[in-house]
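Every number in this text was worked out from the coordinates using simple rules, so none of it is lab data. Not measured: the values here are computed from a predicted model. Here the Cβ positions follow ideal geometry from the backbone for every residue, glycine too, while neighbour counts run over all protein chains shown.
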Amino acid sequence: MTQAQGGAGRLPAHIAIIMDGNGRWAQARGLPRTAGHRAGADAVRAVVRECRRLGIPHLTLYAFSSENWNRPKTEISALFGLLLEFLGAEVPHMEEQGIRLRVLGDLDGLPLAQRGALRHAMARTAACADMTLNLALNYGGRAEIVRAARALAAEGLSPESITEEALAARLDTAGQPDPDLLIRTSGELRLSNFLLYQCAYSELHFTPVLWPDFGPAELAAALEDYAGRSRRFGKTREQADGC
Ligand code: IPE
Ligand code: IPE
Ligand code: MG
């Protein structure tokens, strides 16, 4: 939606992060993968606080993909256990800090307890207006586009009224700007079905740092990288930099 011209000297309005590398972080320490996820949850807390402190209005964290159901059952239940712990500890703090929680993905496919806790957390933070934290859970970019297309069909829109705006308004991110900056940790160079529609013009920052080691210093490095980018949106460099 929003197309800020030029990254130079600006903070992104929306940062999206593919938090990857928890398993390798644990493996490197001879720990079970779940220990990596626990350390990853600590990194989430730190990064949310830092983004709030910096005044980043929208932060989206990829926490569980629709493909992550392919993992061992024990790992999945550890991840969902950590989600409940995270919500229990963080929601009061989020409310205090003016952080609104939203979920991207198919909430109905989540276990009952987590669904309830997420609904409760969203209701409790609904009026918070300083920052939006989107947790992508049971999220897949293609499935999200299909859900939006189905919504358009169900509403009986005529072909001419199916516009980019109409589709975007039915995505899980409706009403929020597209990510200006997409970060992926752990050195993997792929999108893994994340925000496929919304990242059409995002600046990409890949870092080899594993997610549990990602903190304020790594975020600052990503922001510096972003600030040095020339965002052109199809224009020439001269046109874009002249804006
Ligand atoms: C990311 O870390 C967390 C989730 C996908 C839930 P991984 O668990 O994918 O860590 P690696 O890629 O195995 O190191
Ligand atoms: C992407 O990480 C999903 C999340 C970070 C939640 P994965 O580690 O699951 O991605 P792939 O499968 O290696 O691409
Ligand atoms: Mg991974």
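Taking Cβ atoms as reference points and 12 Å as the exclusive limit, the residues near Leu31 contribute a net charge of +4, counting Lys and Arg as +1 and Asp and Glu as -1. If I model the chain as equal point scatterers sitting on the Cα atoms and use the Debye formula, what is log10 I(q)/I(0) at q = 0.07, 0.15, 0.16 Å⁻¹? Log-scaled intensity ratios, in q order: -0.24, -1.11, -1.25.
As a proxy for reagent exposure, Lys73, Lys235 were ordered by neighbouring Cβ count within 10 angstrom, fewest first; the result is Lys73, Lys235. Remark: the stretch 145-154, residue by residue, has Karplus-estimated 3J(HN,Hα) of 5, 5, 4, 5, 5, 5, 5, 4, 5, 5 Hz, where x stands for each Gly or Pro and the curve is 6.51 cos²θ - 1.76 cosθ + 1.60 at θ = phi - 60°. Backbone phi angles across the stretch 216-221, fed through the Karplus curve with coefficients 6.51, -1.76 and 1.60 (θ = phi - 60°), yield HN-Hα couplings of x, 5, 5, 5, 4, 5 Hz in residue order; Gly and Pro are listed as x. Amide H contacts under 5 Å for Arg231: Gly6, Gly7, Ala8, restricted to partners 5 or more places along the chain or on a different chain, H placed in the peptide plane at 1.01 Å from N. Under a point spin-label approximation (7 Å from Cα along Cα-to-Cβ), what is the Leu204-Glu224 distance to one decimal in nm? Using points 7 Å along Cα→Cβ, the separation is 2.3 nm. Under a 10 Å cutoff between Cα atoms, tell me which one of Arg29, Arg38, Arg229 has the largest fluctuation in the Gaussian network model of the chain. Top of the fluctuation ranking is Arg29.
Across q = 0.13, 0.23, 0.31, 0.32 Å⁻¹, the stretch 26-80 modelled as identical point scatterers on its alpha-carbon atoms has Debye log10 I(q)/I(0) values of -0.43, -0.96, -1.21, -1.23, in the order of the q list.
Between the residues Gly21, Pro32, Gln114, the greatest Cα displacement towards the positive end of the dipole of the chain, with unit charges on the Cβ of Lys, Arg, Asp and Glu, is found for Pro32.
Relative contact order for the stretch 183-243: what is it in percent, counting Cα pairs under 8 Å that are at least 6 residues apart? Could the numbers behind the result be given before it?
Numbers: 44 pairs, mean separation 20.3, N = 61.
Value for the stretch 183-243: 33 percent.
Would you work out the charge dipole size for the chain about its Cα centre, treating the Cβ of every Lys and Arg as +1 and the Cβ of every Asp and Glu as -1, and quote it to the nearest 20 debye?
Numbers: 27 positive and 28 negative charges, 83 e Å.
About 400 debye.
Projecting the Cα atoms of Pro12, Pro72, Ala222 onto the charge dipole of the chain, computed from C-beta unit charges around the Cα centre, puts Pro72 farthest toward the positive end.
Can you work out the PRE-style zone for Asp241? Point 7 Å along Cα to Cβ, and I want the residues of the stretch 178-218 with backbone N under 20 Å. Flagged as within label range: 203-204.
For His205, the residues whose amide H sits under 5 Å from its own are Leu182, Ile183, Arg184, ignoring neighbours fewer than 5 places away on the same chain, with H placed 1.01 Å from N.
By the count of neighbouring beta-carbon atoms within 10 Å, fewest first, Asp20, Asp106, Asp172 end up ordered Asp106, Asp20, Asp172. Calculated mean residue ellipticity, 222 nm, the chain: -13500 deg cm²/dmol, from DSSP H runs (n ≥ 4) at -39500 (n - 2.57) each, averaged per residue and rounded to 500.
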